[in-house]
Amino acid sequence: MATQTEQMPQRAQASRTFVSMKRIRKTTRSVLIHAALIPAAFLFLLPFLWMLSTSLKSKPMIYVYPPILMPIPPNWINYPTAVTYIDFFLYLRNTLIIAFAATFGELLSCSLVAYSLARIPWRGRNFLFVLTVATLMLPYQVTLIPLFLVFKNLGWVGGFLPLIVPHFFGSALYIFLLRQFFMTIPMELSEAARIDGASELRIYASVILPLVRPALATVAIFEFIARWRDYLGPLIYLSNQNLYTLSLGIYQYRSQYGAQWELLMAASVLITMPVVLLFFFLQKTFVQGIALTGIKG
Amino acid sequence: MASTTIDAPRRRFRIHQNTRHTINGLLFATPWLLGLLIFWIYPTLASAYYSFTKFNAVQPPVWIGFANYVQMLTQDQDTRDAIYNTLYFAIVSIPLAIFFAFSLALMLNAKIKGQVIYRTIYFLPTLVPEVALAMVWIYLFTPGSGLANLPFQWLGIYRLCWLTCPQMARPTLVLLALWIIGQQIILYLAGLQDVPQDLYDAADVDGAGFFRRLLHITVPILTPVIFFHLVTSIIWALQFFAIPYIMTGGTGFPANSTLFYSINLFRQGFQYFNMGYASALAWLLFVTTLVITGIVFRSSRLWVFYSGGEQ
C-alpha cells in the first residue's frame, strides 16, 4: 500500500482515505465479533472456573450468597482431603487399567479391520463396510441387555472384562475413521510390496502402519478419553467398590445429607485435568480427528 | 490390477491372487467379523426376541406376544412421560445447537486474532467427564445460592427453581446441552474453511452484502455439515442418559420431568428387572431413530447441496 501511494502521488490523498476507511470497517468488524465471542467464551468457561473456584472454598463459603467467585484464602487443603476422603487413587488405577487396555485393543483390532477394508482388494469388502457403518445407527440400548446377560452367563459381571474385551473386537466408528485414512495411501505402495513378495501382514506392519500414525493417534486419544469418562459401562458392570472407576467413585462425595461440594469439585478438577491437558498438547490431532469423522466417505 | 496377459501360468496366478486376497481380507477382518456377530448381530436378534417375552433374567423368558409394546404405549405413564421429555429435549435443543454452533463458527472463521484460544475454550466442555459436568451444573443451578441465579436477581427475578421444579427442569437441561456444542463448532469451522474464496469474491463484485452472502453461499455449501450435525444430534438426543441420570439419581425428579427415555429403559431393565419390557423399549427407540433419521435423509434431497459433484 505504501508503494501505491508513492507511485501515484496525485491520488495519494484519495487512496489513503480509502485505505483507512477499509481499515475502520475491518476493525469495527473485528471488535463486534470479539464482542460476541468473548461473552460466549466466558459462558463456556464458566463451569470450569466454577469448578476450580468451588474446589478452593472452605465449607462455610460454599452456600454463601451472593456466591464467592474468588475464595480468599484459597483452601488448598481440599485437594489432599478429597483424594483421601474416597479411595481416589484406587479408582484412578482402575480407570487407567480399563482405559489403556481398551485403547490398545481398539488400536490393534480396528487397524487390522480397516486394513482389510481399505488395502486388500477383495470381493465383499464393500458390503462389510456398509454393514459396519449401519451398526452406527443402532442405539446401544438395543444390545445393552442381551450383552449384559451374555456376560452374566460367562460370570464376568462385576469385573473389568466386560469393559475391556469388546474393544479387542473392533468398533465401527474407529474402523470407519481408519478406513478413510488408509484409503488415502496410494495402492501402488501395497502392490509394489506384494510384487516384492511381502506377506500381507508384513505390508500392514512395515508399510502402512508407519504412514497412518496421525490417524492412530486420533483413535487412541478418542478412545482413551471415552473410557476415562465412561459412566454407563462401569455403572452396569462394576458392583464391587474396589473396582470402581473415577466416574463411579465421585458419587461417594454425596451422602444422604448432601454433598461435600468443595471436595467433590476438587475431585472433579482432578478428573478433568488430564483430559484437558491431553487436548492442549494434542490439539491438532483432535481437530484432525473430528474433521475426519465429519467427512462423508 | 496387473496388466492383461495371455500366459497360462500368469492367469493361474491371477485367480490364485484373488482368492488369496479374499482369504487375507477375511483374515484381517476377523476381529470385527467376530465382534459383529457376538456384540451386534446376536444381541440385536436376542433383544428382539426378549421384547416379546416376560423375562426377569433369573427365570426363563415367557412368550407374551405384543403385550410389552401395548403396555408401554397405552398404559405406562412413565414411558409416555419419557417419550415426551426426550422429544421435547430433541426438538428444542437441536435447532438451538445448530444455530449457535454455526454462528460461533462463522464468527471464528473471520480472520480474527485468538482463533485458537476461542476454539479451545469452546471445545473444552465436551471433554469434561459427564459426572463432573453434572455435578458442576447441579451446583451452578442450585435454587437460591447457585451462581446462575445471580444475573436474574440483578433483574429482580427471584425464586427460580431450576432443576427442582418440573417446568424449569427441562429447559435447564436444554441450556446444558448447548454447552457441549464445541465439537460441532469445530466441524462447522472445518467446513467453512472449505468454501472456495472465489465464490465470495464473485459475490463481492456483484455487490452482495453480508447477509446475502451468508444465505446464498455459505449456508448452502455447508448444508452437508448441517445435515451431519442434525442426524448425529438426533441420535444423541434420543439416547441422552448419563447427565440427567446422575443429576436425579435415576428418578426423573421432579415429577418425572427429567425422566428421559434411556433412564426409563435402564430402570426397567436393571432396577425392576423387566428385561423383556426393557428390550421392547429399546426396539421402539431403534425403530423411532430409524424412522426419524430416514425422514431426515429423505428430506435432505430438498435442502442439502453437495458442492463436490459440480466441479
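Using Cβ contacts closer than 10 Å as the measure, can you line up B:H16, B:H229, B:H21 from fewest to most?
Taking fewest neighbouring Cβ atoms as first place, the list is B:H16, B:H21, B:H229.
Tell me the volume per residue, in Å³, of the convex hull enclosing the alpha carbons of the stretch B:230-309. Present the calculation step by step, with values, prior to reporting the outcome.
Details: hull volume 9.3 nm³, N = 80.
Output value, Cα hull per residue: 116 Å³.
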Counting only pairs 8 or more residues apart or on different chains, how many lysine pairs in the protein assembly as shown have their Cα atoms under 24 Å apart?
8
Taking Cα pairs under 8 Å and at least six residues apart, what relative contact order does chain B come out at, in percent?
28
Let me know the longest stretch in chain B that avoids all trypsin sites (Lys or Arg not before Pro) found in a DSSP loop with at most 16 other C-beta atoms within 10 Å.
B:160-311
Diffusion coefficient in µm²/s returned for the protein assembly as shown by Stokes-Einstein, Kirkwood Rh over C-alpha pairs, 4 °C and 1.567 mPa s, is 48
Over all residues in A:166-174, what is the mean tally of Cβ atoms on other chains that come within 10 Å of each residue's Cβ?
4
Ranked from fewest to most other Cβ atoms within 10 Å of their own Cβ, B:Y245, A:Y253, B:Y49 fall in the order B:Y49, A:Y253, B:Y245
Can you give me the distance in nm between label points at A:S239 and A:F104, each placed 7 Å from the Cα along the Cα-to-Cβ direction?
2.9
Starting with the highest mean, order A:39-45, B:199-205 by the number of other Cβ atoms within 10 Å, averaged over the residues of each peptide.
A:39-45, B:199-205
So what is the relative contact order of chain A, in percent, for Cα pairs below 8 Å that sit 6 or more residues apart?
28
Computed D for the stretch A:129-197, Stokes-Einstein, Kirkwood radius over alpha-carbon pairs, 4 °C, 1.567 mPa s, to the nearest µm² per second, is 86
Take the alpha carbon atoms of chain B, find their radius of gyration, then divide it by 2.2 N^0.38 Å using N residues; give the quotient.
1.32
Check: C-alpha center the stretch B:218-296 vs C-alpha center the stretch A:66-107, spacing in Å is 29
What Cys residues in the protein assembly as shown have no fellow cysteine's beta-carbon under 4.7 angstrom?
A:C110
Cα-based Rg of the stretch A:81-294 per 2.2 N^0.38 Å, rounded to two decimals?
1.19
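Could you list B:F305, B:F297, B:F228 so that the one with the fewest beta carbons within 10 Å of its beta carbon is first and the one with the most is last?
B:F297, B:F305, B:F228
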So which DSSP H runs in chain A come out at 27 Å plus along the axis (Cα) with average Kyte-Doolittle of at least -0.5?
A:12-55, A:88-119, A:261-281
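No lab work stands behind these numbers, since they all come straight from the coordinates. Remember, it's a predicted structure, so these values are computed and weren't measured experimentally. Positions of Cβ are generated from backbone atoms using ideal geometry, with glycine treated the same way; all protein chains shown enter the neighbour counts.
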